[in-house]
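**Q** The structure follows.
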Amino acid sequence: MENHRKGLFQRFLDGVEYLGNKLPHPVTLFAILALAVLALSAIVSATGISVEHPGEEGEMVEVTNLLNAEGIQYIFESMVDNFIGFAPLGVVLATMLGIGLAERTGLISACLRGFVLSVPKKLVTLGLVFAGIMSSVASDAGYVVLPPLGAVIFAALGRHPLAGLAAAFAGVSAGFSANLFLSATDPMLGELTIDAASVVDPAYAEGMNIAMNYYFIIASTFLLTFVGAWVTERIVEPRLGKYTGEHTEDLNGLDALEKKGLIAAGIALLVGLIATALLIVPPNGIMRGEDGSIVQSPFMSSLVPIIALLFFIPGLVYGKVTKNIKNDKDVANQLSDTMASMGMFIVLAFTAGQFVAYFTESNMGLVLGVFGAQFLESINLSGIPLIIMFILVAGFINLFIGSASAKWAMMAPVFVPIMMQLGYSPELTQMAYRIADSATNIITPLMTYFAIIIAFAQKYDKKMGIGTLISVMFPYSIVFLISWTIFLILWMSIGYLDFLPFEPNLGPGSPIEYNK
């Protein structure tokens, strides 16, 4: 970074980078938190503090000491179960088997390139942001494919390539929690939310599903697409000015084999969707619930394998057509590579699983939730100010801890019970978290792909550094955060209108309010 005198905001960003780098790795951080819970359970239990169980009138709950004889036995006996039982572990790995094959055969990349290159020039910015938002169905593939593609497209059109890179990066990262489809993020966060809700009200948690934010994220996709395009064309691109670099680009479309593969994969996807519809659309569909319900049904309980199959089958077909898959060994190797790429997540799941299990077993989440709710009530912080404060807190934490699942594994056991005590559903708390987590991704140097984006940008600007990239992305972060928060508040406000013939739920069977 340059050595000239830095402004207040630049010094703040330097501070974020410094403090973030001082934090231990998330794996180590969860190990430390797990040990801290053990120590605190012994200290707090000695005080005899107790609260009334919010879901069971008259039942008092105390913090359980996990460092007495019984607690130490529990620590050793439950260690493997805590790892295996970590809520997102199985669902994420199962989902990634399907998504990973589609990514490694090249299907995801071809879809993204084909979509962006087919958009009319006047709609290129909209198309690029939209493709970025949609890329979250392929987990992190969008970070590698779209930002350099956005730069190439803008350069070929005579526009500033960094504006194209920024638009794609904003869609991929700041719009990560919006989509027209469910992605690996939904089960990953949803299972943690359900676990946290079960501490307060197991019966309510039993009726929750991983599609709890689906309606809202669909609507958010269109909001953020237009907002991202507006920021690009009205703020970022004018600020960058005319590109005077020497690097020019030519657009290379899909070759004949890729097009043939996309058509075949599209047919396979259509067949898969029709087969799925036959299981759920007919009134007597075998994946409906006993009373014909869709919300409470085997279908909703089976979303993870359904999502995996709807990626796996088209990915397999595309790979066969394009010769990226020649036999079953290629499939096995690509699935193996996908699981190998999840190695860090598996290690994280071990320490995070211990922390979450200890926190639940000690009853500290429940006790803290009751006291936290009482404190917020005492200062009259509720309603919209409470939601805004929570979003700001989550967004600030995101500047230092990049992993969405790691942060939510820490925050859900604390904030979900607090918000439930104040009458807000776990589904709403999760959506507020997702807004904060997504919107601030692009302005933290600690985000996993930040260095890669800088490397892409340096192709067009050799002086590009952390501060420069953050200054380019900052307008997206602020406008996304503000507009998305306002959108959530409007959604909540509609829910309070008694005369409406429907409830504007956040997802299937996922209300805004929690009623005990």
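The values are calculated or read from the model by the stated rules, or taken from the named source; none is laboratory data. Because the structure is a prediction, the values reported are computed rather than measured. Please note: Cβ atoms are built from the backbone with ideal geometry, for glycine as well, and neighbour counts cover all protein chains shown. For accessibility, only protein heavy atoms count, side chains too; no ligands or nucleic acids. Shrake-Rupley method; radii C 1.70, N 1.55, O 1.52, S 1.80 Å.
**Q** Can you pull out the residues in the range 92-110 that are within 13 Å of Ser341 (Cβ to Cβ) and either of a type outside the set (D, E, K, R) or surrounded by fewer than 23 Cβ atoms within 10 Å (Cβ to Cβ) (or both)?
**A** Val92, Leu93, Met96, Leu97, Ile99, Gly100, Leu101
**Q** List pairs: first residue in the range 376-388 and of a type in the set (A, V, I, L, M) and open to solvent by less than 40 Å² (accessible area, probe 1.4 Å), second residue part of a helix (DSSP H, G or I) and at pLDDT below 80 anywhere in the structure, Cβ distance under 7 angstrom, at least six positions apart or on different chains.
**A** From residues that are of a type in the set (A, V, I, L, M) and open to solvent by less than 40 Å² (accessible area, probe 1.4 Å), the pairs are Leu386/Leu376.
**Q** Also: Filtering the range 6-28 down to residues that are open to solvent by 30 Å² or more (accessible area, probe 1.4 Å) and closer than 23 Å to Ala352 by Cα, which residue is modelled with the highest pLDDT?
**A** Thr28
**Q** Another question, then. Considering only residues that are at pLDDT 85 or above and farther than 19 Å from Ser438 by Cα, look in the range 136-152 and name the one that is surrounded by the most Cβ atoms within 10 Å (Cβ to Cβ).
**A** Filtering the range 136-152 for residues at pLDDT 85 or above gives 147, 150-151.
Add one more test, that the residue is farther than 19 Å from Ser438 by Cα, and what stays is 150-151.
On the way: Gly150: 32, Ala151: 27.
That would be Gly150.
**Q** Quick check: is even one residue across the range 192-211 within 14 Å of Ser135 (Cα to Cα) and either part of a helix (DSSP H, G or I) or among the basic types (Lys, Arg) (or both)?
**A** Within the range 192-211 (the criterion being within 14 Å of Ser135 (Cα to Cα) and either part of a helix (DSSP H, G or I) or among the basic types (Lys, Arg) (or both)), the answer is no, since none of the residues qualifies.
**Q** State which residue is nearest to the chain's Cα centre (by Cα) when the search covers only the range 459-471 and only residues that are open to solvent by 10 Å² or more (accessible area, probe 1.4 Å) and β-branched (Val, Ile, Thr).
**A** Out of the qualifying residues, it is Ile466.
**Q** Considering only the range 210-228, I want to know if a residue exists there that is open to solvent by 10 Å² or more (accessible area, probe 1.4 Å), within 30 Å of Trp408 (Cβ to Cβ) and free of Cβ contacts under 8 Å to residues at least 60 places away in the same chain.
**A** So far as the range 210-228 goes, yes, one or more of its residues are open to solvent by 10 Å² or more (accessible area, probe 1.4 Å), within 30 Å of Trp408 (Cβ to Cβ) and free of Cβ contacts under 8 Å to residues at least 60 places away in the same chain.
**Q** Restricted to the range 169-188, and to residues that are under 22 Å from Met342 (Cα atoms) and of a type in the set (A, V, I, L, M), which residue is modelled with the lowest pLDDT?
**A** Within the range 169-188, the match that is modelled with the lowest pLDDT is Ala184.
**Q** Give just the number: which of (1) touching a residue at least 24 places away in the same chain (Cβ under 8 Å); (2) surrounded by fewer than 21 Cβ atoms within 10 Å (Cβ to Cβ); (3) part of a helix (DSSP H, G or I) does Gly171 not satisfy?
**A** So the condition that Gly171 fails would be (2).
**Q** For the range 267-355, which helices (runs of 4 or more DSSP H) that fit wholly inside it have 2 or more residues that are in contact with a helix residue (DSSP H, G or I) (Cβ under 8 Å, 6 or more places away or on another chain) and open to solvent by less than 70 Å² (accessible area, probe 1.4 Å)? So that I can check it myself, show each step before the final result.
**A** Numbers: elements: 298-301, 303-321, 328-341.
Result: 303-321, 328-341.
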